[in-house]
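The values are calculated or read from the model by the stated rules, or taken from the named source; none is laboratory data. What you see is a predicted model, and the numbers here were worked out from it, not measured in a lab. Note that we place each Cβ from the backbone using ideal geometry, even for glycine, and neighbour counts take in every protein chain shown.
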Amino acid sequence: MAYSEQVIDHYENPRNVGKMDEADAHVGTGMVGAPACGDVMRLQIKVSDEGVIEDAKFKTYGCGSAIASSSLVTEWMKGMTLDQAGEIRNANISEELALPPVKIHCSVLAEDAIKAAIDNYKSKQ
Amino acid sequence: MKLPLYLDYSATTPVDPRVAKLMCDCLTQEGNFGNPASRSHVYGWQAEEAVENARRQVADLINADPREIVWTSGATESDNLAIKGVAHFYHKKGKHIITSKIEHKAVLDTCRQLEREGFEVTYLEPSTEGLISPEQVAEAMREDTILVSLMHVNNEIGVVTDIAAIGEITRAQKVLFHVDAAQSAGKIAIDVESAKVDLMSFSAHKVYGPKGIGALFVRRKPRVRLEAQMHGGGHERGMRSGTLATHQIVGMGAAFAIAQAEMESDNARIDALRQRLWDGVKDMEEVYMNGHATQRVSGNANISFNFVEGESLLMSLRELAVSSGSACTSASLEPSYVLRALGMNDELAHSSIRFSIGRFTTEADIDQAIEQSRNAVIKLRDLSPLWDMYKDGVDLDSVQWAAH
Ligand SMILES: Cc1ncc(COP(=O)(O)O)c(C=O)c1O
Ligand code: FES
């Protein structure tokens, strides 16, 4: 499997790796995937009172493309409003990372993780 | 480009330079290029002599009679010829075959085909250590069983089947016993006289010989009959037609002769290397060696690094040529059916790497493999939410996963 330069860059230097306090009311946590499927993504956002994403962190168990997809979206989301972040589509991710067709589901997983994190945050308000 | 370090000897081996030299001598006009079946001139006679010499070399490694060796294109063809050949010849006696869940696809898919033709197949389940016991074989035996087919050494986990004990059972019941020895030839001693095996498959390219050539041992006493799968000029006593590939056959013979001469010293060295590799990684938490601890060949180390995913691990190990227990290339990731048959959970199966060590592996190679594996596992665990959860004491089996 040949990886694109973008995937290798995110894989070698993943951005925003980490964990935030799930109990914090400002933090939304999205965990998607399953170990049995070979991929689990945890994406967390910290949202200001104005509804802007101030920080984003991820950890991913999965292939290089899944790691790169989650790393990329944490970069994108910072500074976005929840609505803007909610508009990120897997196609944006797969295009940016030049994912081959068999790796599209890794970007779908990242989109799902964003939605799950936003939903989790909203459910806490 | 610097090539990655080769640690995939179970997939294939480079041809030993001593073997390559002999093969080259059988190709050009100046060489031994004749058709071994040509009866009317010296070109044919010389080629035939080389082929028969190689046949003896292969037979010698397993203590067989050269007349019991049939050339094929590799272990896949040997497996097909043995299993379909027996099934089609003996179907009036019965239509039941016994094999296991951890056989190579060359056996499993052949059995599937026979099921479509109306045969019944029992797939034995291995123990968690990857072993099929003689008792399991005895219990699965029926009135209409005609064949038991089991591999000698498993290609993924390196465990060794007790073929001598199983051969006693099959012989007593007059059921034929086929053994796929692609991964054991040249690695452990084989004696078809003392082990009551009736058919045995071999491949040259796992033993520092060329790809595209193999052999099937077909016992003469008591005689085993096969229905040919390849029809034509009636070569190989009618069991496998097709002009014999002198250079390939000479290569296989030479490779098997070298294996016989050097097996002991190779094994001692390779065993020490495998131990060195295991010693270098086993102190990390949640690292497991798969397959039985002692009933195994020396070259195989199949290791699970829990909480890291196999494909990303392979990506980190780009400077090592190894193979993974699973390849997630689609939405439905398939962990290795062999590891799964051992009852291993999917996460652990996804996190396994097969290192296979061979004749040209050095201590420095192993040290490099250790360092890169450790670095990769540490890096990926830092990235892994599962590792976090494990460290926090979360039981992963109790989590409701949002499957996608
Ligand atoms: C156990 C076993 N059987 C059969 C084969 C197939 O051998 P060949 O490549 O010679 O067809 C292999 C190798 O891939 C093997 O490991
Ligand atoms: S997570 Fe399965 S291929 Fe990427």
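Output the number of residues of the stretch B:385-404 satisfying the condition of being assigned to a loop (DSSP other than H, G, I, E, B) and more than 8 Å from chain A (Cβ to nearest Cβ). Before the answer, list the steps.
Initially, the stretch B:385-404 is screened for residues assigned to a loop (DSSP other than H, G, I, E, B), giving B:392-395, B:399-401, B:403-404.
So of that shortlist, the ones also more than 8 Å from chain A (Cβ to nearest Cβ) come out as B:392-395, B:399-400.
Adding up the residues that qualify gives 6.
For the list (1) at pLDDT 90 or above; (2) within 16 Å of ligand 1 (Cβ to nearest atom), I need the number of the one condition that B:Met284 fails.
(2)
Any residue in the stretch B:18-26 that is within 18 Å of B:Met252 (Cα to Cα), of a type in the set (Asp, Glu) and under 25 Å from the mean Cα position of the chain (by Cα)? Give the steps one after another, and end with the answer.
To start, the set of residues in the stretch B:18-26 that are within 18 Å of B:Met252 (Cα to Cα) comprises B:18-26.
Then drop every residue that is not of a type in the set (Asp, Glu), which leaves B:25.
Those still in the list that are under 25 Å from the mean Cα position of the chain (by Cα) too: none.
No, that holds for no residue.
Considering the stretch B:72-114 alone, what residues qualify as being within 8 Å of ligand 1 (Cβ to nearest atom) and outside any helix (DSSP H, G or I)?
Answer for the stretch B:72-114, where residues must be within 8 Å of ligand 1 (Cβ to nearest atom) and outside any helix (DSSP H, G or I): B:Ser73, B:Gly74, B:Glu103, B:His104.
Step by step: first the residues of the stretch A:71-108, then only those that are polar (S, T, N, Q) and over 17 Å from A:Asp119 (Cα atoms), then the one that is farthest from ligand 2 (Cβ to nearest atom). Which residue is that? Walk me through it before giving the result.
Let us first name the residues in the stretch A:71-108 that are polar (S, T, N, Q), namely A:71, A:74, A:81, A:84, A:90, A:92, A:94, A:107.
Then keep just the ones that are over 17 Å from A:Asp119 (Cα atoms); that gives A:71, A:90, A:92, A:94, A:107.
Details: A:Ser71: 13, A:Asn90: 12, A:Asn92: 17, A:Ser94: 11, A:Ser107: 9 Å.
Across the stretch A:71-108, the extreme among qualifying residues is A:Asn92.
Taking B:Gly118 as the residue in question, decide whether it is touching a Ser or Thr at 6+ places or on another chain (Cβ under 7 Å), in a loop (DSSP other than H, G, I, E, B) and under 29 Å from B:Ala140 (Cα atoms).
Numbers: touching a Ser or Thr at 6+ places or on another chain (Cβ under 7 Å): no; in a loop (DSSP other than H, G, I, E, B): yes; under 29 Å from B:Ala140 (Cα atoms): yes.
Considered against the rule, which asks whether it is touching a Ser or Thr at 6+ places or on another chain (Cβ under 7 Å), in a loop (DSSP other than H, G, I, E, B) and under 29 Å from B:Ala140 (Cα atoms), B:Gly118 comes out as no.
Give just the number: which of (1) over 15 Å from B:Ala185 (Cα atoms); (2) buried (at least 23 other Cβ atoms within 10 Å of the Cβ); (3) within 15 Å of ligand 1 (Cβ to nearest atom) does B:Ala47 not satisfy?
(3)
Examine the stretch A:44-55 for a residue that is within 14 Å of the chain's Cα centre (by Cα), surrounded by fewer than 17 Cβ atoms within 10 Å (Cβ to Cβ) and within 17 Å of A:Val17 (Cα to Cα), and state whether such a residue exists. Talk me through it step by step, then tell me what you get.
Within the stretch A:44-55, the subset within 14 Å of the chain's Cα centre (by Cα) is A:44-46, A:53, A:55.
Those left that are additionally surrounded by fewer than 17 Cβ atoms within 10 Å (Cβ to Cβ): none.
No; the residues of the stretch A:44-55 include none that is within 14 Å of the chain's Cα centre (by Cα), surrounded by fewer than 17 Cβ atoms within 10 Å (Cβ to Cβ) and within 17 Å of A:Val17 (Cα to Cα).
Of all residues in the stretch B:300-317, how many are closer than 23 Å to B:Ser265 by Cα and either modelled with pLDDT under 95 or of a type outside the set (Gly, Ala, Ser) (or both)?
From the stretch B:300-317, those closer than 23 Å to B:Ser265 by Cα are B:300-302; that's our starting set.
Remaining after also requiring either modelled with pLDDT under 95 or of a type outside the set (Gly, Ala, Ser) (or both): B:300, B:302.
Looking only at that region, the number is 2.
Looking only at helices (runs of 4 or more DSSP H) that fall completely inside the stretch A:39-125, which ones have 1 or more residues that are touching a His at 6+ places or on another chain (Cβ under 9 Å) and either within 14 Å of chain B (Cβ to nearest Cβ) or more than 16 Å from ligand 1 (Cβ to nearest atom) (or both)? Walk me through how you get there before you give the answer.
On the way: elements: A:64-77, A:82-86, A:90-97, A:104-124.
Helices (runs of 4 or more DSSP H) meeting the threshold: A:64-77, A:90-97, A:104-124.
Only one residue in A:Ile114, A:Ile93 is buried (at least 24 other Cβ atoms within 10 Å of the Cβ) and farther than 20 Å from B:Trp401 by Cα, so which one is that? Even if it seems obvious, please write down each step before you answer.
Numbers: A:Ile114 fails: farther than 20 Å from B:Trp401 by Cα.
Going through A:Ile114, A:Ile93 in turn, just one is buried (at least 24 other Cβ atoms within 10 Å of the Cβ) and farther than 20 Å from B:Trp401 by Cα: A:Ile93.
What do you reckon, is B:Val179 in a loop (DSSP other than H, G, I, E, B), surrounded by 16 or more Cβ atoms within 10 Å (Cβ to Cβ) and in contact with a strand residue (DSSP E or B) (Cβ under 7 Å, 6 or more places away or on another chain)? Can you show your working first?
Details: in a loop (DSSP other than H, G, I, E, B): no; surrounded by 16 or more Cβ atoms within 10 Å (Cβ to Cβ): yes; in contact with a strand residue (DSSP E or B) (Cβ under 7 Å, 6 or more places away or on another chain): yes.
For B:Val179, the condition - in a loop (DSSP other than H, G, I, E, B), surrounded by 16 or more Cβ atoms within 10 Å (Cβ to Cβ) and in contact with a strand residue (DSSP E or B) (Cβ under 7 Å, 6 or more places away or on another chain) - is not met.
Among the residues of the stretch B:231-243, which ones are touching a residue at least 60 places away in the same chain (Cβ under 8 Å) and surrounded by fewer than 20 Cβ atoms within 10 Å (Cβ to Cβ)?
Of all residues in the stretch B:231-243, those touching a residue at least 60 places away in the same chain (Cβ under 8 Å) come to B:233, B:235-237, B:239-240, B:243.
Selection gives B:Gly233, B:His235, B:Arg237, B:Thr243.
I want to confirm something. Restricting to the stretch B:184-194 and keeping residues that are surrounded by fewer than 22 Cβ atoms within 10 Å (Cβ to Cβ) and among the small types (Gly, Ala, Ser), which single residue is modelled with the lowest pLDDT?
B:Ser194
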